[in-house]
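All remarks here apply to the structure that follows.
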Amino acid sequence: MTKRGLLIVLSGPSGVGKGTVRAAIFSKGEQKFVYSISATTRKPRTGETDGVDYFFKTREEFEQMIQNKQLLEYAEYVGNYYGTPLEYVENTLATGKDVFLEIDVQGAIQVRELMPEGVFIFLTPPDLNELESRIVNRGTDSDEVIAKRMKTAREELELMKYYDYSVVNDTVDNAVQKIEAIIQTEHLRIIRNLDTIEELEEILDEE
């Protein structure tokens, strides 16, 4: 019997650096998990590729996915939908592979309700001034959107209590090391190794 894979959810406020940290983890080539690509209705940013960074959908296409219950989670954020395709996640976990989700806070809370066995990691900025600086320096948002993102970020930070771990993104390398340590630890938890324990008990009984 194949042991079910581990669902790893990385989340945090917009601008905290989730994408950068996730990319750094995957660039090392040492991970044994796969990245679940989110669907979104927002326009691609410079350098983003459909099917690699996101599945870019029209609003009509996304709402059809909602009606068909094809999403593990979804949220509307600053005028755009974001969501995680359900079938891909379930099929991958069933094969024994770990699935890594990088999603916003609203989405992570929905996933927690459906899959509480997952590992939920909240990425935080060193402080709110640093967060605002990162959002401004991206140069992709208007002043109005930046103000909305900062308001939302303050609300999202209050939801950290629903996560298993918090990691401060002071530097990308530090954040990556901590996240990798969390994943290693979770794989060693007794609750995730009950099949192995049962096998050992059977061997002892035979002796």
For the range 136-163: of the residues being at pLDDT 85 or above and open to solvent by less than 70 Å² (accessible area, probe 1.4 Å), which is farthest from residue 78 (Cα to Cα)?
163
Against the condition crowded, with 16+ Cβ neighbours inside 10 Å, more than 27 Å from residue 177 (Cα to Cα), modelled with pLDDT of 90 or more and acidic (Asp, Glu), how does residue 102 come out, does it pass?
no
All conditions in (1) under 27 Å from residue 117 (Cα atoms); (2) assigned to a loop (DSSP other than H, G, I, E, B) are true of residue 47 except (1)
Would you confirm, using the coordinates I've provided, whether residue 55 is surrounded by 15 or more Cβ atoms within 10 Å (Cβ to Cβ) and in a helix (DSSP H, G or I)?
no
Can you tell me which residue in the range 171-181 is farthest from residue 98 (Cα to Cα), limited to those that are out of contact with any strand residue (DSSP E or B) (no Cβ under 7 Å at 6 or more places or on another chain) and open to solvent by 80 Å² or more (accessible area, probe 1.4 Å)?
173
Please work out which residue is most open to solvent (accessible area, probe 1.4 Å), limiting yourself to the range 18-35 and to residues that are under 27 Å from residue 126 (Cα atoms) and either in contact with a Pro (Cβ under 8 Å, 6 or more places away or on another chain) or aliphatic (A, V, I, L, M) (or both).
23
Buried (at least 17 other Cβ atoms within 10 Å of the Cβ), closer than 16 Å to residue 90 by Cα and modelled with pLDDT of 90 or more: is that true of residue 71 in this structure?
yes
Among the residues of the range 118-133, write down those that are surrounded by 17 or more Cβ atoms within 10 Å (Cβ to Cβ) and at pLDDT below 80.
131, 132
Members of the range 182-191 that are out of contact with any Leu (no Cβ under 9 Å at 6 or more places or on another chain) and either open to solvent by 70 Å² or more (accessible area, probe 1.4 Å) or modelled with pLDDT under 95 (or both)
184, 185, 188, 189, 190, 191
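The values are calculated or read from the model by the stated rules, or taken from the named source; none is laboratory data. All of these numbers come straight from a predicted model, not from anything done at the bench. A quick note on method: Cβ atoms are made from the backbone with ideal geometry, for glycine too, and the neighbour counts reach across all protein chains shown. Note: accessible area is taken over every heavy atom of the protein model, side chains too, but ligands, DNA and RNA are not part of it. Shrake-Rupley method; radii C 1.70, N 1.55, O 1.52, S 1.80 Å.
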